[in-house]
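Student: This is the structure I want to talk about, given as structure tokens.
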Amino acid sequence: MTLLTLDNLSKRYGSAVALSDVSLSIAPGSRTAVVGPSGSGKTTLLRLIAGFETPDAGRIVLKGEVLAQGGMAVPAHKRGIGIVAQDGALFPHLSIADNIAFGFERGTPEREARILELIDMVELDRGMLTRRPHQLSGGQQQRVALARALGRRPRLMLLDEPFSALDTGLRENMRKAVSRVLEAAGIATILVTHDQAEALSFADQVAVLRAGKLVQAGTPRQLYLHPRDREAALFLGDAVLLPAIARGNVADCALGRVAIAAPARQGKVEIMIRPEQIRVVRDDAAPSPAGRVVEVEFSGATSTLAVALDGVALPPIVIKTSSVALPSAGDRVRLDIAGEVHIFGEG
Ligand SMILES: Nc1ncnc2c1ncn2[C@@H]1O[C@H](COP(=O)(O)OP(=O)(O)OP(=O)(O)O)[C@@H](O)[C@H]1O
């Protein structure tokens, strides 16, 4: 079942192509994260869905209602779509209660009850209702912004980097809290973020944009383990990329013979291994293929090793590994691969 359908959306600003032919489906109650480098079109996509911009081509359909098509666009305030921006955009001169209830009918008992319901929903203390926004922390202000957006009972919630101004610990807490609230309310959400870890942990669908095009959409696991190309692989996490020859369900590479997932291609390929699949074992007598540690960078729980592989004209491979039993520069090591490696589908 689909709540929101984006069909071949395109948008230009003058000669700059902000979005090109983007199609995506959002299921009811689901969480989608839109990721991509700066300038890839993430905010433009959100603005088209919200109704702040009109697409040059394509169609937006929400619950069977066409919101934009062929120059026609339903105005933003009639779309039933909530939005929380990076800065929350609260009204500084209004109390928290009035911020939450902005747009509600004044002086009704329902208004007061709804304010209480909303402040409870976003897990803020009711004592904060009489305060002004500047008397709240950044995270608390974002919760108020969420409460205000929820107050309009949206059919869809758009979050435009709402956690980016918060520090790391708070950011994670907020992300979990917001997830909980939206899930409990059963509201489908689209989150725009620069942060790949945030996208992978928040969403059940991740959409990767690059230069205005949708590169890939799928579950976090699909995208992390089976990225479409090397750029998507590196965008979503660290990766070791190696040339290999694929034959059946295995591939031969500088690390020896490895198992491959979905052996769609054979012959000369490029494989991707996530660093957590690689176990670095100190082994003075390791037969080839093995290698020698050329650099160690200790950084607490994990460390980064550069390992020069035997007999191959490749630069040393860089591996993040647990700092437990960390080898030293000059040590001979064996690299054991756990699980299957990924072959890129193209090129
Ligand atoms: N109002 C505008 N006028 C002209 N060009 C624009 C406008 N808005 C966006 N663009 C251009 O469209 C492209 C996509 O911009 P967009 O803001 O959607 O990217 P983004 O992925 O959200 O970037 P960021 O992560 O930096 O916020 C960029 O090349 C940008 O310069």
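Just so it is clear, none of the values below were taken in a lab; they were calculated from the coordinates. Note that this is a predicted model, so its numbers are computed, not measured. In this analysis, Cβ positions are derived from the backbone assuming ideal geometry, glycine residues included, and neighbour counts consider all displayed protein chains.
Student: What are the residues whose amide H is under 5 Å from the amide H of R155, where those residues sit 5 or more places off or on another chain and H is modelled from the backbone?
Tutor: Hits under the 5 Å cutoff: I81, G82.
Student: If you don't mind, there's one more thing I want to ask. From the backbone phi of the range 4-10, what are the Karplus-calculated ³J(HN,Hα) couplings (6.51 cos²θ - 1.76 cosθ + 1.60, θ = phi - 60°) in whole Hz, Gly and Pro given as x?
Tutor: 10, 10, 10, 10, 6, 6, 9
Student: Moving on. With 10 angstrom as the radius, rank M128, M174 by how many other C-beta atoms surround their C-beta, starting from the fewest.
Tutor: Values: M128 16, M174 19.
Taking fewest neighbouring Cβ atoms as first place, the list is M128, M174.
Student: Which entries of K11/K176; K213/K320; K42/K63; K11/K63; K11/K320; K11/K268 have Cα-Cα distances beyond 28 Å here?
Tutor: Numbers: K11/K176 33 Å; K213/K320 31 Å; K42/K63 22 Å; K11/K63 23 Å; K11/K320 40 Å; K11/K268 38 Å.
Long pairs (Cα-Cα over 28 Å): K11/K176; K213/K320; K11/K320; K11/K268.
Student: For R334, what is the net charge nearby, where nearby means another residue's Cβ is under 9 Å from its Cβ and Lys, Arg count +1, Asp, Glu -1? If you can, show how the numbers build up before the last one.
Tutor: Working: positive: R279, R282, R332; negative: D283, D336.
Net charge around R334: +1.
Student: In a GNM of the chain with a 10 Å cut-off on Cα contacts, which of P220, P327, P162 has the highest mean-square fluctuation?
Tutor: Largest GNM mean-square fluctuation: P327.
Student: Taking N as the number of residues in the chain, what is its alpha-carbon radius of gyration divided by 2.2 N^0.38 Å? List each step's numbers first, then the result.
Tutor: Values: Rg = 24.5 Å, N = 347, 2.2 N^0.38 = 20.3 Å.
Output field value: 1.20.
Student: Mind checking the range 59-151 for GluC sites (Glu not before Pro) that DSSP puts in a loop (not H, G, I, E or B) and that have at most 16 other Cβ atoms within 10 Å?
Tutor: Counting only loop positions with at most 16 other Cβ atoms within 10 Å, the GluC sites (Glu not before Pro) in the range 59-151 are E105, E123.
Student: Here's a follow-up. Residue-wise, which Karplus ³J(HN,Hα) couplings in Hz belong to the range 230-246, taking 6.51 cos²θ - 1.76 cosθ + 1.60, θ = phi - 60°, and x for glycine or proline?
Tutor: Karplus values, whole Hz, x for Gly and Pro: 5, 5, 5, 4, 6, 5, 8, x, 6, 8, 9, 10, 9, x, 7, 10, 9.
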